[in-house]
Amino acid sequence: MFGYVTPLKMELKVKDYEKFKAYYCGLCHYIKKNFGNIPRLSLSYDMTFLAILLDSLQEGNISYDQFFCLVHPTKKKLKIINSDALNYTSYLNIILFYYKLIDDVNDDKSLKAKLASIFLNKGSNKFKHHFSNIHNKIVTELDNLNKMEASDCKNIDEIAHPFAELTGFLLKSYPLSLLNDSLELREKLYTLGYNLGKWIYIIDAVDDLEKDLKDNKYNPINAAMNPNNYEFKILFETQKERIEFLLLSCSSQCYNSFKELNFVKDSAIVENILLFGIMNKNDVILNKYNLTDNNNCSRRSVN
């Protein structure tokens with residue numbers, strides 16, 4: 001359930017795309033600073049977006065540093081080095097990935113996930129120490145989600161709620177002050193996060209739909225939209241418009257929330273991700289299942 005919230009490069013100015021990459025590399029280095037080298041493998045585009053969004057609502061300039069990356073050693077890259085938002089999201093990155101691994105262990109008996117979770121256990125304990133109230137919320141909502149999935153919940157809005165609620169809470173609960181901070185601002189962040197979390201949960205379900213049906217695993221799309229137990233091809237062909245409507249509805253709500261925020265900087269990057277990036281991801285994942293018209297790829301506006 002990671003890696004869906006990305007920009008659409010062709011719609012970004014070069015300087016803005018370079019700044020996005022600097023945030024991504026900055027998050028990687030904050031994870032290293034706070035948790036060590038191995039946990040950097042959990043690096044997430046989704047947490048990069050949260051950092052940019054929160055930073056864009058705070059006053060103060062950001063600072064860059066050049067470095068050589070082991071993955072791309074031929075030339076220097078840029079990273080952001082003085083971001084409280086990156087520090088916060090580095091903790092979120094670790095704890096959410098840790099619980100994803102635990103979920104994989106419980107669901108699939110994955111040895112790989114079990115070994116990886118051991119390396120992140122120390123980081124999860126560090127998160128509990130620094131953000132105990134947020135940790136309690138994470139545990140509560142993920143437990144609610146697991147129980148609903150285990151009960152074969154057939155209501156797509158109900159089953160998406162725990163993860164949506166959690167994402168909204170993580171944005172709303174940012175522990176530092178924002179420009180013109182207020183309860184109203186925090187509620188707007190919650191609403192944006194809620195709809196983004198709902199979108200992430202649904203797009204992940206769509207992405208996994210064919211595999212989950214083949215493996216006879218719970219999938220919320222299948223549970224909510226397949227009362228006659230159709231095979232994958234028939235299910236997707238008959239429910240594609242309904243699925244697309246759900247995704248577009250979440251996308252539209254995210255963008256509407258974006259327009260209600262007063263940004264200090266980097267609004268172009270945030271807008272690109274919430275407008276073009278999400279819509280592009282919808283197209284890519286829906287069209288990978290395009291069983292009848294592979295050449296038909298359309299983009300819809302969320303205005």
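The values are calculated or read from the model by the stated rules, or taken from the named source; none is laboratory data. Predicted, not measured: the structure shown is a model, and the values here were computed from it. All Cβ positions, even for glycine, are placed from backbone atoms using ideal geometry, and neighbour counts span all protein chains on display.
Within the group Leu12, Leu41, which residue is crowded, with 17+ Cβ neighbours inside 10 Å and touching a helix residue (DSSP H, G or I) at 6+ places or on another chain (Cβ under 9 Å)?
When all the criteria are applied, what remains is Leu12.
Given the structure, is Asn125 at pLDDT 95 or above, in a helix (DSSP H, G or I) and more than 21 Å from Asp46 (Cβ to Cβ)? Quick ask: steps written out before the conclusion?
Details: at pLDDT 95 or above: no; in a helix (DSSP H, G or I): yes; more than 21 Å from Asp46 (Cβ to Cβ): yes.
It is false that Asn125 is at pLDDT 95 or above, in a helix (DSSP H, G or I) and more than 21 Å from Asp46 (Cβ to Cβ).
Go through region 60-79 and give me each residue that's aromatic (Phe, Trp, Tyr) and farther than 16 Å from Asn37 by Cα. If you could, list the steps in order and put the result at the bottom.
Just the residues of region 60-79 that are aromatic (Phe, Trp, Tyr), to begin with: 64, 67-68.
Matches in region 60-79: Tyr64 only.
Quick one: how many residues across region 173-202 are in a helix (DSSP H, G or I), surrounded by fewer than 23 Cβ atoms within 10 Å (Cβ to Cβ) and of a type in the set (D, E, K, R)?
Looking only at that region, the number is 4.
Residue check: is Glu184 of a type in the set (D, E, K, R) and out of contact with any helix residue (DSSP H, G or I) (no Cβ under 9 Å at 6 or more places or on another chain)? Break it down into steps so the answer makes sense when it comes.
Numbers: of a type in the set (D, E, K, R): yes; out of contact with any helix residue (DSSP H, G or I) (no Cβ under 9 Å at 6 or more places or on another chain): yes.
Yes; evaluated as a whole, the condition is true for this residue.
Among the candidates Tyr201, Tyr218, Tyr174, which residue alone is more than 30 Å from Asn87 (Cα to Cα), out of contact with any Ser or Thr (no Cβ under 7 Å at 6 or more places or on another chain) and among the aromatic types (Phe, Trp, Tyr)?
Tyr218
Considering only residues that are of a type in the set (D, E, K, R) and either in contact (Cβ under 8 Å) with a residue 12 or more places away in the chain or not in a helix (DSSP H, G or I) (or both), look in region 158-172 and name the one that is surrounded by the fewest Cβ atoms within 10 Å (Cβ to Cβ). Steps first, answer last, please.
Let us first name the residues in region 158-172 that are of a type in the set (D, E, K, R), namely 158, 165, 172.
Remaining after also requiring either in contact (Cβ under 8 Å) with a residue 12 or more places away in the chain or not in a helix (DSSP H, G or I) (or both): 165, 172.
Working: Glu165: 20, Lys172: 18.
Residue satisfying both the conditions and the ranking: Lys172.
Taking only region 70-115 into account, find how many residues are among the aliphatic types (A, V, I, L, M), without any contact (Cβ under 8 Å) to a residue 24 or more places away in the chain and closer than 23 Å to Phe163 by Cα.
Here is the first cut: in region 70-115, the residues among the aliphatic types (A, V, I, L, M) are 70-71, 78, 80-81, 85-86, 92, 94-96, 101-102, 105, 111, 113, 115.
Among the residues that remain, those that are also without any contact (Cβ under 8 Å) to a residue 24 or more places away in the chain are: 70-71, 101-102, 105, 111, 113, 115.
From what is left, the residues that are closer than 23 Å to Phe163 by Cα are 101-102, 105, 113.
Selection size over region 70-115: 4.
Answer yes or no as to whether Ser56 is touching a residue at least 12 places away in the same chain (Cβ under 8 Å), over 20 Å from Phe131 (Cα atoms), surrounded by fewer than 16 Cβ atoms within 10 Å (Cβ to Cβ) and among the hydroxyl-bearing types (Ser, Thr, Tyr).
Here the answer is no, as Ser56 does not meet what is asked.
Scanning region 138-157 for residues that are part of a loop (DSSP other than H, G, I, E, B) and at negative phi, which turns out surrounded by the most Cβ atoms within 10 Å (Cβ to Cβ)? Explain how you work it out, then say what you get.
Going through region 138-157, the residues part of a loop (DSSP other than H, G, I, E, B) turn out to be 151-155.
So of that shortlist, the ones also at negative phi come out as 151, 153-155.
Values: Ser151: 11, Cys153: 19, Lys154: 14, Asn155: 12.
Top of the filtered list is Cys153.
How many residues does region 203-231 contain that are farther than 17 Å from Leu246 by Cβ, buried (at least 16 other Cβ atoms within 10 Å of the Cβ) and either β-branched (Val, Ile, Thr) or over 24 Å from the mean Cα position of the chain (by Cα) (or both)?
Number satisfying all stated conditions: 1.
Could you pull out the residue among Lys75, Lys79, Lys100, Lys33 that is more than 24 Å from Ser177 (Cβ to Cβ) and in a helix (DSSP H, G or I)?
Within the list Lys75, Lys79, Lys100, Lys33, the selection yields Lys100.
Hey, can you tell me all the residues within region 171-201 that are within 13 Å of Val5 (Cβ to Cβ) and touching a Leu at 6+ places or on another chain (Cβ under 6 Å)?
Kept after step one, since they are within 13 Å of Val5 (Cβ to Cβ), are these residues of region 171-201: 171, 192-193, 195-201.
Those that are within 13 Å of Val5 (Cβ to Cβ) and touching a Leu at 6+ places or on another chain (Cβ under 6 Å): Leu171, Gly193.
With within 26 Å of Gly197 (Cα to Cα), of a type in the set (S, T, N, Q) and in contact with a Pro (Cβ under 9 Å, 6 or more places away or on another chain) as the only criterion, which of Asn93, Asn106 stands out?
Among Asn93, Asn106, only Asn93 is within 26 Å of Gly197 (Cα to Cα), of a type in the set (S, T, N, Q) and in contact with a Pro (Cβ under 9 Å, 6 or more places away or on another chain).
When you check Ile62 against the structure, is it outside any loop (DSSP other than H, G, I, E, B) and of a type in the set (A, V, I, L, M), yes or no?
no
Applying the selection to region 80-121, what residues are touching an Asp or Glu at 6+ places or on another chain (Cβ under 7 Å) and either surrounded by fewer than 18 Cβ atoms within 10 Å (Cβ to Cβ) or farther than 15 Å from Leu27 by Cα (or both)?
Ile81, Ser110, Ala113
Any residue in region 276-292 that is closer than 13 Å to Cys250 by Cβ sitting within a Cβ distance under 9 Å of a residue that is of a type in the set (Gly, Ala, Ser) and at pLDDT below 95? List the pairs, counting only those 6 or more apart or interchain.
Short answer, once both residue conditions are applied: Met279/Ser301.
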